[in-house]
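J.: I'd like to ask you about the structure that follows.
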Ligand SMILES: [Zn+2]
Ligand SMILES: [Zn+2]
């Protein structure tokens, strides 16, 4: 998205009353936000909510979802720019590169013991679209881990236009690359690791290794000709169950996400408050309706997609709270498990 959170509204999200905002980096794991929709009308107790999440273990072959940033263009210090990581088989697969991505990944690595999210491990990135809030962390994730001893280049996947963006980034930082390669910094072991080969896609299978199979999902997002969600399939090995995670990216209600999930383990979906949307100026209402998904619309999507867990991210509050979003979803009739994600949550 661009400007949708801040532009023309003055309705910056107030600080939530939830405990996790007082210390956004604590290992809170949505304790205050997890609910069992409809079956438990009130927000779950921390004990109940804790059962919904798991602290990652990089030795596990099970696929896991790590929320690095849930933010929007709003410069909310508690919510870093949009980025999530799928971790499987000791490797991290990043989706989007919002501002702060490398530091949030480092925080997740330290606090949850996920070695794959240390800077030197960040070598796979999947972009949903080229809006600035999803990509201004791109030079950070290309160059910072190189300096921090990443041994290999980062592979970048994204919609058409990604290769041009990456070429411009490489051009913009060429003096830095030259000085690091030909100055006194020791880079003999990773001289090529600043590179960032790009694979562009408009949808379909895009990547596969021993840990995951990744499929790009075309979604509808405003006027963008190509915007993507991603589906990650982990085959399950070494005793770990097969698991499927679907990530919406930025999208207005898109039937392709229903089909991609189809009973998946986790559906990570963007959302805005249907209630506070009513207070937005008409021109911004038109933009949001064309670009994003309201709580009420998400209930229709998720009811048919049937995920075992629905995770809200990239939340647009406009004065609402996480509890408000979850209440709107319950009141619209959703009966599945749903949480409103905070940065550094693990599922
Ligand atoms: Zn966008
Ligand atoms: Zn966005």
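The values are calculated or read from the model by the stated rules, or taken from the named source; none is laboratory data. Keep in mind the model is a prediction, meaning the values are calculated, not measured. Positions of Cβ are generated from backbone atoms using ideal geometry, with glycine treated the same way; all protein chains shown enter the neighbour counts.
J.: Which condition breaks for residue 122 when tested against (1) away from ligand 1 (no atom under 16 Å from the Cβ); (2) surrounded by fewer than 24 Cβ atoms within 10 Å (Cβ to Cβ); (3) at pLDDT 95 or above?
T.: (2)
J.: So, one more: Restrict the check to the range 225-241 and report whether at least one residue is at pLDDT 95 or above, within 16 Å of ligand 1 (Cβ to nearest atom), in a strand (DSSP E or B) and farther than 23 Å from residue 116 by Cβ.
T.: Checked the range 225-241: at least one residue is at pLDDT 95 or above, within 16 Å of ligand 1 (Cβ to nearest atom), in a strand (DSSP E or B) and farther than 23 Å from residue 116 by Cβ.
J.: Here's a check for you: in the range 126-145, which residue that is within 13 Å of the chain's Cα centre (by Cα) and in a helix (DSSP H, G or I) is farthest from ligand 1 (Cβ to nearest atom)?
T.: In this case the residue turns out to be 135.
J.: So residue 220 fits all but one of (1) modelled with pLDDT of 95 or more; (2) buried (at least 16 other Cβ atoms within 10 Å of the Cβ); (3) over 30 Å from residue 305 (Cβ atoms); what number is the exception?
T.: With (1) modelled with pLDDT of 95 or more; (2) buried (at least 16 other Cβ atoms within 10 Å of the Cβ); (3) over 30 Å from residue 305 (Cβ atoms) applied to residue 220, the lone miss is (3).
J.: Looking at the range 248-283, which of its residues are in contact with a helix residue (DSSP H, G or I) (Cβ under 9 Å, 6 or more places away or on another chain), closer than 24 Å to residue 157 by Cβ, in a strand (DSSP E or B) and within 16 Å of ligand 2 (Cβ to nearest atom)?
T.: If the condition is that a residue be in contact with a helix residue (DSSP H, G or I) (Cβ under 9 Å, 6 or more places away or on another chain), closer than 24 Å to residue 157 by Cβ, in a strand (DSSP E or B) and within 16 Å of ligand 2 (Cβ to nearest atom), then 269, 270 are the ones that fit.
J.: Can you report the number of residues in the range 284-325 which are in contact (Cβ under 8 Å) with a residue 24 or more places away in the chain and part of a helix (DSSP H, G or I)?
T.: 21
J.: Name the residue that is farthest from residue 318 (Cα to Cα), counting only residues in the range 284-293 that are surrounded by fewer than 22 Cβ atoms within 10 Å (Cβ to Cβ) and within 16 Å of ligand 2 (Cβ to nearest atom).
T.: Looking at residues that are surrounded by fewer than 22 Cβ atoms within 10 Å (Cβ to Cβ) and within 16 Å of ligand 2 (Cβ to nearest atom), I get 290.
J.: Does residue 239 satisfy the condition of being touching a residue at least 40 places away in the same chain (Cβ under 8 Å), within 19 Å of residue 329 (Cα to Cα) and away from ligand 2 (no atom under 16 Å from the Cβ)?
T.: Answer is no for this residue.
J.: Right, another one. Based on what the data block shows, is residue 114 closer than 20 Å to residue 236 by Cα and modelled with pLDDT of 95 or more?
T.: Taking the combined requirement at face value, the residue satisfies it.
J.: Right, another one. Restricting attention to the range 164-223, which residues are in a loop (DSSP other than H, G, I, E, B) and touching a strand residue (DSSP E or B) at 6+ places or on another chain (Cβ under 8 Å)?
T.: Across the range 164-223, the qualifying residues are 196, 197, 201, 202, 203, 209, 211, 212, 220, 221.
J.: Follow-up. Got a number for residues in the range 187-217 being loosely packed, with under 15 Cβ neighbours inside 10 Å and without any contact (Cβ under 8 Å) to a residue 60 or more places away in the chain?
T.: Selection size over the range 187-217: 10.
J.: Moving to a separate point now. Considering only the range 280-296, state which residues are within 22 Å of the chain's Cα centre (by Cα) and under 24 Å from residue 331 (Cβ atoms).
T.: Within the range 280-296, 288, 289, 291, 292, 293, 294, 295, 296 qualify.
J.: I'd like the full set of residues that are touching a residue at least 60 places away in the same chain (Cβ under 8 Å) and within 11 Å of ligand 2 (Cβ to nearest atom), limited to the range 131-158.
T.: Within the range 131-158, 131, 132, 133, 134 qualify.
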